[in-house]
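Visitor: I have a structure I would like to understand better, so I am pasting it below and will then ask my questions one at a time.
The values are calculated or read from the model by the stated rules, or taken from the named source; none is laboratory data. Note that the coordinates shown come from a computational prediction; the quantities given were computed from them, not determined experimentally. With ideal geometry, Cβ positions are generated from the backbone for all residues, glycine too; neighbour counts draw on all protein chains shown. Each accessible area value is taken on the protein alone, full model and side chains, heavy atoms only, with ligands, DNA and RNA left out. Shrake-Rupley method; radii C 1.70, N 1.55, O 1.52, S 1.80 Å.
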Amino acid sequence: METNQMPLSIALKYFNAWCRNDFDKASDFLSEEISFEMPINRYTNKTEFLQAVQLTVGAAQEIILLTHFGNEDEAALIYTLKLTGLAPIQICEHFKIRGKKIVFIRHIHDTYELRNAGFEKS
């Protein structure tokens, strides 16, 4: 695999793991020093974040990967998340990769449906 494809490969393996409910495998791709930028909710460590991912996946009816791209340090995945009782949400998930681990995740999406349904933590 070319070096510039490594971040994309890691991001896709992480995405596919949590989509299959394999949270142990998904965790393997996350650095212990991971940081997050989210439009709602805040996470201080990967365990806390993965607990939220598990709850989200549990409520998911469908997750559809629309496109993906990456370079030597970063990757982005754009997907549709269909949650029970909510309109579909399009999410761009941006990753920074260092040493074959995800060290940063940024979510970019409209938060209206999630806030309206009470997903935002106090």
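Visitor: Loop by DSSP (not H, G, I, E, B), at most 13 other beta-carbon atoms within 10 Å: where is the longest site-free stretch of the chain for trypsin sites (Lys or Arg not before Pro)?
Guide: On the way: sites that count: Arg20, Arg42, Lys100, Lys121.
With a cap of 13 other Cβ atoms within 10 Å, the longest stretch comes to 43-99.
Visitor: Output ³J(HN,Hα) for the stretch 78-91: one whole-Hz value per residue in order, computed from phi by the Karplus curve 6.51 cos²θ - 1.76 cosθ + 1.60 with θ = phi - 60°, and x for Gly and Pro.
Guide: With coefficients 6.51, -1.76 and 1.60, one gets 10, 8, 9, 10, 9, 9, 3, x, 10, 5, x, 10, 8, 10 Hz.
Visitor: To continue, here is another question. Which order do Met38, Met6 take when ranked by solvent-accessible area (1.4 Å probe, heavy atoms of all protein chains), largest first? Intermediate results must be reported in sequence, preceding the final value.
Guide: Values: Met38 20, Met6 60 Å².
Final ranking, largest accessible area leading: Met6, Met38.
Visitor: Could you name the lysines whose alpha carbon sits less than 21 Å from that of Lys13, not counting residues in the same chain fewer than 8 places away?
Guide: Of all the lysines, those that pass the test against Lys13 - Cα under 21 Å, at least 8 places apart if same chain - are Lys25, Lys46, Lys82, Lys96, Lys100, Lys101.
Visitor: Using a ≥ b ≥ c from the Cα gyration tensor of the stretch 37-76 (square roots of the eigenvalues), is it rounded, prolate or oblate, where a/c under 1.5 gives rounded and otherwise the larger of a/b and b/c decides, a/b for prolate?
Guide: On the way: a/c = 2.38, a/b = 1.22, b/c = 1.94.
Note, shape of the stretch 37-76 comes out oblate.
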